[in-house]
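Any read-out appearing in this document is the output of simple, stated calculations on the displayed coordinates, not a laboratory observation. Keep in mind that what you see is a predicted model, and the values were worked out from it rather than measured. Ideal geometry is used to build each Cβ from the backbone, glycine not excepted, and the neighbour counts take in all protein chains shown.
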Amino acid sequence: MHLQSIQLIHFKNYESEKSQFSSKVNCIVGLNGMGKTNLLDAIYYLCMCKSQFGTTDRLVVQQGMEFFRLEGQFQKEDKSYKVVAKVIPRQRKEIELNGVIHPKLADHIGLFPVVMITPYDIDLGMEGSEIRRRFLDNSLAQIDATYLTALLSYNRILRQRNAALKSFPPYQANHTLLDSLDEQLVTPGTLIHQKRAAFVKELIPIFTAYYQEIASGQEVVDSLYKSTLLELPLSQSLKENREKDILLQRSTVGIHKDDLQFLIKGYPLKKFASQGQLKSFILALKLAQYEIVKNNSRSLPLLLLDDIFDKLDQQRVQQLIQLLFRKEFGQIFFTDTQKDRLVKIIEPFGVEICQLEIADGAVSELC
């Protein structure tokens, strides 16, 4: 699978732009602030129906405009697919596949798998649990439609439960309503827990192998899945914590509290890793994500690598690129601030390279 072309209208800093791509390697160069990351984010949006950065659509549309439109031409299994995203913020977005609007956005997720790696991924190791749950959800939603359905259902019921908890007068909780909502949470919550546990089990050996290749180090790294469901079934946990939930007016247990614990040499990554170890750890984690998505998809996912020189020194970049071209990766997009730096590193591998230069939201092809 590969993306042949993309057209952006009123997307972030792009007024109207169209670009063609190589099916193998694309190097997008330009100064900071010119729109390199925005172009990758547009590609990600066509695959996932949302921005990689979790921003709302009203922050994605070009300033002063009321809508944005993205159009991508994909080639997959010898067939052509035209994907169009038509988005007016605060209204229902439309995602078309070959002229047919998806009834549900969830129907589109996983058709064109993608993994994006950015400097902001450092937050996976340094920030709160929400970003790590998003990592799990992003991975599993692309490879398992039942997971995405369960996640959407769980989140909908959880919102209803939290709204009910906030609405009860003091000491007058509606336990019949809570019984009903708790019962509805159990099936999707249990499925999500099982899928996450299986994913992490598959992830760990792949991730640790990538870390050793990228870092050339001997330190032992690990990732542990943390969930209240490892201790008690969800139905029992909700029952035992009900009075606490009523007092705090929010749901304090469930898969929405899950987390991943990252360890290096047996110690928390956040507190004990050097900058180099942290960057190598996160990069290995994302490449492991790519491999699992690849192994569970019918197509090689797109790999979007944003400003990797900001994440890694040149030696680690060279190790990374050697790794990419030794293994089976699909279409790859790089961004960099220097015009020839990546090309010089990639050229010895004899792969097809297309170089594009961006300045003020305008793209020119150098390939």
*Where does each of 1-10, 36-45 land if you order them by average Cβ count within 10 Å, highest first?*
36-45, 1-10
*Quote the FRET efficiency, to the nearest 0.05, computed for LYS244 versus GLU347 with a Förster distance R0 of 45 Å and r equal to the Cβ-Cβ distance.*
0.15
*asked:* Looking only at the chain, where both bridge partners belong to it, what percent of the DSSP beta bridges are antiparallel (to the nearest 5)?
replied: 70 percent
*Tell me, what is the Rg over Rh of region 15-128, with Rh the Kirkwood radius over Cα pairs?*
0.95
_Pair LYS201, PHE53: separation of 7 Å Cα→Cβ label points (nm)_ = 3.8 nm
*For GLN355, list long-range residues whose amide hydrogen, built 1.01 Å from N in the peptide plane, is under 5 Å from its own amide hydrogen.*
CYS27, LEU366, CYS367
*By its C-alpha gyration tensor, with a ≥ b ≥ c as the square roots of the eigenvalues, how is region 267-328 shaped: rounded for a/c under 1.5, else prolate for a/b larger than b/c, else oblate?*
oblate
*With springs only between Cα atoms under 10 Å apart, run a GNM on the chain and tell me which of GLN318, GLN275, GLN172 wobbles the most.*
GLN172
*Find the Rg to Rh ratio for region 74-138, where Rh is the Kirkwood radius over alpha-carbon pairs and Rg uses the same atoms.*
1.07
*How many lysine pairs does region 128-296 hold where the Cα atoms are under 14 Å apart and the two sit 8 or more places apart or on different chains?*
7
_Please list, by residue number, everything in region 20-42 whose backbone N is under 12 Å from a paramagnetic label point 7 Å out along Cα→Cβ of ALA359._
30-31
*Estimated distance in nm for a label pair at GLN75 and GLN315, the labels positioned 7 Å out from Cα along Cα-to-Cβ*: 3.9 nm
*Going by how many other Cβ atoms sit within 10 Å of their own, how do SER223, SER80 line up, fewest first?*
SER80, SER223
*Considering every Cα-Cα pair within region 218-288, what fraction, in whole percent, is farther apart than 18 Å?*
53 percent
*Using only helices, what value at 222 nm comes out for the chain when you add -39,500 (n - 2.57) per DSSP H run of length 4 or more and divide by the total residues, to the nearest 500 deg cm²/dmol?*
-14000 deg cm²/dmol
*For the chain, with a Gaussian network of springs between Cα atoms less than 10 Å apart, report the residue from ILE109, ILE292, ILE157 with the top mean-square fluctuation.*
ILE157
*Amide H neighbours of LEU302 under 5 Å, at least 5 residues apart or on other chains, H built in the peptide plane: list them.*
VAL114, VAL115
*Which residue, LYS76, LYS344, LYS279, tops the fluctuation ranking in a GNM of the chain built on C-alpha contacts under 10 Å?*
LYS344
*So which DSSP H runs in the chain come out at 15 Å plus along the axis (Cα) with average Kyte-Doolittle of at least 0.0?*
36-48, 175-215, 275-295
_Label-point gap, in nm, between GLN63 and THR146 - each point 7 angstrom along Cα→Cβ_ = 4.8 nm
*By how many nm would the segment from ARG326 to VAL100 lengthen if fully extended, with 0.36 nm per residue of separation less the alpha-carbon distance?*
77.5 nm
*For a paramagnetic label modelled at 7 Å from the Cα of ARG298 toward its Cβ, which residues of region 78-110 fall within the zone defined by backbone nitrogen distances under 17 Å?*
78-83, 97-98, 107-110
*Per principal axis, descending, Cα span of the chain in whole Å*: 69, 52, 37
